[in-house]
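Since the structure comes first, as structure tokens, the remarks are kept for the end.
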Amino acid sequence: MLAQATPVPYLQEQGLGDLMARYQRAEEAAAVELIRRVSPMLYRFMARPEYTQGYVEDLLQECWLRIHKARHTYRPGEPALPWILAIARNTRVDSYRQLRRIHSHEKVLEDFHELVGPAGPAEISHLDLYRQIDALPESQREVLFMLKVSGMSLQEVARATSSTVGAVKQRAHRAYGKLRGWLSASQRDLAT
Amino acid sequence: MTACKQIDFFLDQQSGGSLPSLPPWAAAHVEGCPQCRRLFELLQSRPARTPDWELAPLLQSRIERRVLDTLKPVAPLAPAGKLALGFLAIFAALAAAGIAWGGAGGLRLMSWTQFAGVGALLAAGTTALAASLSRQMVPAGYHKAGAALLVFVVAAGLLIAWMSLFPWRTEGTFLSRGLRCATFGLLLAAPSAACFVMLVRRGTLLSPALTGAATGLLAGLVGAAVLHFGCINLTAPHLAVWHAGIPITSALTGFLVGKRLSHSDPGRGASGKVLD
């Protein structure tokens, strides 16, 4: 039988909506708690192997400035994570466009994955999940990140990406197909 | 491979790091198919918190400082329905002012079918655009493809209605009368756009080009609606070129302004209304 993993809490189950509402009321403790809970996930969402660490940190700060400026558009009672990730996604897309215009990179971070910890070669770890997701095309990567790393529902991902549930499913299924291919290839490599 | 693809639908339901409950045939497939089993194991391997999920303390404090320095209570944006009503109220007020200025001479010359056909399309288009704009003001509040399609459908629907409901004949005054109508309509569209923009900017615009096109189209519809009542030149070529040209031109202008804005002002939209 397949091993059943211990369910781990996803971000949207941890009262983010309540924190957002208190953040709107300018409660400092809520703002700090929100930043502490969401930032690591946002950092992961922003990061790409070809980005420098400094660049990702700048993106994260820019994202928080936008969230701060737009905080009045969050409607209390609605899921907060799609709202946050829609802004994060927009920040990333804008930066990508800007990068494409400028064509200047500080320093390519070659060992991005090594910075976030070692992975065992023969066993599947969470790092493999990130590594595999990072290798997917951008549209599939963001959908799988939201579904499987942030734990959002199909409907929430559709809202965050200004898309439809059907389109989200299609991207996710294409990603599953690619992951299957890579997994079987890596298994063959291990066998030989 | 078909069975593997069917397994994808179960993966859609996977949440909380646990496997979805599979029917016996699917469980047997996952058990027997190494690719599917490894995929399931991979997708449930997300940890709750590991060292790489911790942010550098310096970065954390820098973000906190920037947020807390300007932290003030803000009033949440009004509900989407209220915002849509706001757009409709602005539209009605401007159209009424325009009709009072331009007159309603065209009404006497129009058949009931022509008046009701175009009037219904104008009303439906305006309502749908107002609803769409009110959702575009909030991140994660709209379908991008749906909003783009709406702009196209409203513009194309009006064009088709004018071309099919009115007689096809041209007159010698096509250019002079047409230019007069277009100028009048665009003169109405410009202040209308300014009023709509004031409302739109209360929100956060993630797709300024698309929102600009929708705002421009709505402003252009004010001009088209006023001309629907006032214009006495009721021929299909005149309506299809000069009247339809107003919403299309203003939508295009809105699109270009929005595109420009997306380059110059990445953090688009106003900060909320600060409460005392």
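The values are calculated or read from the model by the stated rules, or taken from the named source; none is laboratory data. These numbers come from a predicted model, not from an experiment. Every residue, glycine among them, receives a Cβ derived from its backbone with ideal geometry; neighbour counts consider all protein chains shown. The area values use the complete protein model at the heavy-atom level, side chains included, leaving out ligands, DNA and RNA. Shrake-Rupley method; radii C 1.70, N 1.55, O 1.52, S 1.80 Å.
Summary of values
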| read-out | value |
| --- | --- |
| Heavy atoms of A:Y96: accessible area, 1.4 Å probe, square angstrom to 10 | 120 |
| Relative packing of A:31-43, B:78-90, which averages over residues the other C-beta atoms within 10 Å, highest first | A:31-43, B:78-90 |
| Per-residue mean of C-beta atoms belonging to partner chains within 10 Å, peptide B:143-154 | 2 |
| Cysteines having no other Cys beta carbon under 4.7 Å from their own, within chain B | B:C4, B:C181, B:C195, B:C231 |
| Contour excess over end-to-end distance, with Cα ends at B:A100 and B:K5 and 0.36 nm allotted per residue | 27.9 nm |
| Restraint check, A:K148/B:K72; A:K178/B:K144; A:K69/B:K259; A:K178/B:K5; A:K169/B:K5, Cα-Cα greater than 23 Å | A:K148/B:K72; A:K178/B:K144 |
| Most to least packed among B:98-105, B:35-42, B:222-229 [average Cβ atoms within 10 Å] | B:222-229, B:35-42, B:98-105 |
| The stretch B:161-203: chymotrypsin sites (Phe, Trp or Tyr not before Pro) in DSSP coil with no more than 10 other Cβ atoms inside 10 Å | B:W168 |
| Under the Debye formula (equal points on every Cα, no solvent term), log10 I(q)/I(0) of the stretch A:16-96 at q = 0.11, 0.12, 0.26 Å⁻¹ | -0.27, -0.32, -1.31 |
| Vicinal HN-Hα couplings computed from phi for the stretch B:212-222 (Karplus, 6.51 cos²θ - 1.76 cosθ + 1.60; Hz; Gly/Pro x) | x, 5, 5, 5, x, 5, 4, 5, x, 5, 4 |
